[in-house]
Amino acid sequence: MRDHELDVNRDLWTLVNEQFTDGEATARWASETITWGLYGASEDDLRVLGDVSELEVVELGCGSAYLSAWLARRGAHPVGVDLSPAQLATARRCQAEFGVTFPLVEANAEDVPLPTSTFDLVLSEYGASVWCDPALWIPEAARLLKPGGRLVFLTNSVLVTLCVPGDEGHASPTLQRSQRSISRVQWPGGGIEFHPSHSDWIGLLRHSGFHVDTLHELYASPDNATPEYYDIATADWASKWPVEELWVATLDR
């Protein structure tokens, strides 16, 4: 991303942290279970992470770093990377509160100041996977990984992005935009997102030396309620169509 795009997204996440993620962080850190996405898909069911004990892990776009904290309590050695000083301040507050500490690095996930071939696992849950240019952060993830290391990332589904109205709000049951328009989306309320097509994701991953292991499409379950803060998709919509995609890829040896 260019400097002005970084500034736009940093400003947005400063505001989101003030309005929502700082207040939510303590409950997230306190959770005993690992979940994915808006509707809390269980890692126990998906099993994309496996045994993380003693793994070197870097989370790109860690936000308040609750995912890294969950992994640290399971024996991993995480490093959290985020562009937002406000969210990293929240992460440090939670580290002090819960007594779980690991390095936090203020940096753009497209250009990470960490050594090459250092990590066993690269993660992004609505971090780099949405807010960074995939043509830059996917090769950077490959650089950070050891040969045979894994990349796990969660992002909005292509379908939900096609169905969210141009002026934002919950997804519609009908298409609202062309697929060719969603590779880079600047929302009226601020923030620049990147939503490649499936073929573009696969092409980027393969070009960077990955092979795709699996793609999970995530739905809401019958007992889910619509999230109060994020206007992406209602529970009813997400029970019918995939709201998120959880990708797993391995860097070829």
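The values are calculated or read from the model by the stated rules, or taken from the named source; none is laboratory data. The shown structure was predicted, so the numbers you read here are calculated from the model rather than taken from an experiment. Please note: Cβ atoms are built from the backbone with ideal geometry, for glycine as well, and neighbour counts cover all protein chains shown. The accessibility values were calculated without ligands, DNA or RNA, using every heavy atom of the protein model including side chains. Shrake-Rupley method; radii C 1.70, N 1.55, O 1.52, S 1.80 Å.
Data table
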{"quantity": "Within the chain: Cβ-based charge dipole about Cα centre, in debye rounded to nearest 20 (Lys, Arg +1; Asp, Glu -1)", "calculated": "500"}
{"quantity": "Among beta bridges that DSSP assigns inside the chain, antiparallel share in %, nearest 5", "calculated": "55"}
{"quantity": "Label assignment, Rg and Dmax of the Cα atoms in Å derived from the structure, set [x] 18.3, 69; [y] 17.0, 47; [z] 18.3, 59", "calculated": "[y]"}
{"quantity": "Cβ-placed point charges (K, R +1; D, E -1), dipole of the stretch 174-253 about Cα centre in debye, nearest 20", "calculated": "420"}
{"quantity": "Residue among Ala233, Gly80, Val212 farthest towards the positive dipole end of the chain, charges placed on Cβ", "calculated": "Val212"}
{"quantity": "Computed E for Asp167/Glu54 - FRET, C-beta separation, R0 35 angstrom, nearest 0.05", "calculated": "0.15"}
{"quantity": "Accessible-area composition of the stretch 166-224, carbon plus sulfur, in percent [1.4 Å probe]", "calculated": "48"}
{"quantity": "Antiparallel bridges, percent of DSSP beta bridges restricted to the stretch 33-138 (to nearest 5)", "calculated": "15"}
{"quantity": "Inter-site label distance for Lys240 and Ala107 at 7 Å from Cα along Cβ, in nm", "calculated": "4.5"}
{"quantity": "Coil-residue trypsin sites (Lys or Arg not before Pro) of the stretch 1-90, DSSP, other Cβ within 10 Å capped at 15", "calculated": "Arg2, Arg47, Arg73, Arg74"}
{"quantity": "Share, in percent, of DSSP beta bridges within the stretch 94-218 that are antiparallel, nearest 5", "calculated": "25"}
{"quantity": "Whole-number accessible area per residue in Å² for the stretch 149-253, which is evaluated in the context of all protein chains at 1.4 Å", "calculated": "49"}
{"quantity": "The chain, relative contact order [Cα under 8 Å, separation at least 6], %", "calculated": "18"}
{"quantity": "Estimated vicinal HN-Hα couplings, Hz - the stretch 236-250 in sequence order (Karplus 6.51, -1.76, 1.60; Gly, Pro = x)", "calculated": "5, 4, 6, 7, 9, 10, x, 8, 9, 10, 10, 9, 10, 9, 10"}
{"quantity": "Estimated dipole of the stretch 204-243 in Debye, rounded to 20 [Cβ of Lys and Arg +1, of Asp and Glu -1, Cα centre]", "calculated": "260"}
{"quantity": "Helix-derived mean residue ellipticity, 222 nm - over the chain, DSSP H n ≥ 4, -39500 (n - 2.57), to 500", "calculated": "-9500 deg cm²/dmol"}
{"quantity": "Under 5 Å, built H, 5+ apart or other chain: amide partners of Val79", "calculated": "Val57, Val58, Glu59"}
{"quantity": "Length released on extending from Asp213 to Gln176, taking residue separation times 0.36 nm less the Cα-Cα span", "calculated": "10.2 nm"}
